[in-house]
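FYI, it's all coordinate maths here, none of it is from the lab. Everything numeric in this text was worked out from a predicted model, so none of it was measured. Quick reminder, even Gly has a Cβ in these numbers, built from the backbone with ideal geometry, and neighbours come from all protein chains shown.
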Amino acid sequence: MPSDASDNSSPPWTILKVLNWTESYFKSFKTDSPRLAAEILLCHSLDIKRLDLYLQYDRPLNKKELTAYRKLILRRAQREPVAYITGNKGFWESEFSVNPNVLIPRPDTEVLVETSLDILSRSENKNKTLKILELGAGSGAVIISLAGARPSNSYFAIDISPAAAEATACNAMNILKESKLFIIVGSWFSPLKNRQNFDLIVSNPPYIPSKEIDTLQPEISKYEPRLALDGGEDGLNSIREIIAHAWKFLNPGGFLLLETGCDQKKNVEKIAGDYASYASVKYIKDYSGHDRVAVLKKKEFS
């Protein structure tokens, strides 16, 4: 959008004209979903819903509105993720606040929620409150989605980043109405005592090999927190750590669910095979058909 877009001598910049121009501009930078990004950013700038855009296509924008929107366009042109610009991202059934201290929740991770809820539905009974733990909670999208769907259970979230733990806490306050969520700052299991056994442990840990991070889209490599991405030389450092210790914190018959890279299935199965406490390992595919969620079950000792 030219800087003189609001010149009185020029035809008015209506919502439709602005969206068409922005879509073309974003395409020149090869950004993903240029039209969708243009609409989301304009809605955010004008504080309206997307339906309102379609109902007000002929509405002219004033100079103040154009100036504010132009700033957002320039940020996106620098490949800053739309979710960081608007400060929120939809996931499962809620809208989560996000910032550069946490990963942006992705659709593939909803498979982790879906699988967890299936396990919980089969594990719940009226006489027992289940205990669920998320490791590396980030924005809290996974654990809060579980707590919202199954509020009668007890929920715990751990993250090594104080800023991420704060993001989880803020989202929990805004989204959860009934459930209680206990949030702890620390590295994986280190803040816990061995006697704190859980029925379900879930995690979307860092699993990208260190050398591959800089080859990813700029939206990821330049903006998302490396701490939440970097899985070490082979991408499996965090996965190894979690599998090595999770069985100590699971009740007999309890489950560990891990989101992993789509090419890591064989390695994860091999790692899990080194620990006799796990009865089985199976994989759940994501919505694109890739192996995504590893499901490890602890043996049910007599």
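Some points to look at:
- Members of 71/222; 222/265; 131/177; 17/64 lying beyond 21 Å, as alpha-carbon distances in this model show: 222/265
- Mean projected area in nm² (Cα convex hull; one quarter of hull surface) for the range 164-301: 9.8
- Near the amide H of residue 231, within less than 5 Å, lie the amide hydrogens of 207, 208, 210, all on another chain or at least 5 residues away, with H placed in the peptide plane.
- Kirkwood-type radius of the range 25-99, with distances r between different C-alpha atoms, in Å: 13.1
- Of the GluC sites (Glu not before Pro) in the range 80-189, those whose Cβ has at most 13 other Cβ within 10 Å and which sit in DSSP loop: 93, 178
- The mean sequence distance of close C-alpha pairs (under 8 Å, at least 6 residues apart), as a share of the length of the range 15-78, puts its relative contact order at 40 percent.
- With the charge dipole of the range 15-78 set up from +1 on Lys and Arg Cβ and -1 on Asp and Glu Cβ about the Cα centre, the Cα lying farthest toward the positive end among the listed residues 18, 56, 68 is that of 68.
- Restricting the range 56-134 to trypsin sites (Lys or Arg not before Pro) in coil, as DSSP defines it, with at most 11 other Cβ within 10 Å: 126
- Remark on residue 96: its backbone amide H falls under 5 Å from those of 89, 90, 91, a criterion applied only to residues 5 or more positions apart or on other chains, H modelled at 1.01 Å from N.
- Listed residues 16, 258, 130, most fluctuating in the chain (Gaussian network, C-alpha, under 10 Å): 16
- Contact order for the chain, expressed relative to its length and based on alpha carbon pairs under 8 Å spaced 6+ residues apart, stands at 13 percent.
- For residue 202, the residues whose modelled amide H falls within less than 5 Å of its own, excluding neighbours fewer than 5 places apart on the same chain, are 133, 134, 135, 257.
- DSSP beta bridges fully contained in the range 115-201 are about 10 percent antiparallel.
- Value of Rg to Rh for the chain (Rh from inverse mean 1/r over Cα pairs, i.e. Kirkwood): 1.05
- For the range 25-73, the list of chymotrypsin sites (Phe, Trp or Tyr not before Pro) that fall in a loop by DSSP and count at most 16 other C-beta atoms within 10 angstrom reads 29, 57.
- When each of the peptides 33-44, 138-149 is scored by how many other beta carbons lie within 10 Å of its residues on average, the order from highest to lowest is 138-149, 33-44.
- Its relative contact order, with pairs defined as Cα atoms under 8 Å and 6+ residues apart, puts the range 197-246 at 46 percent.
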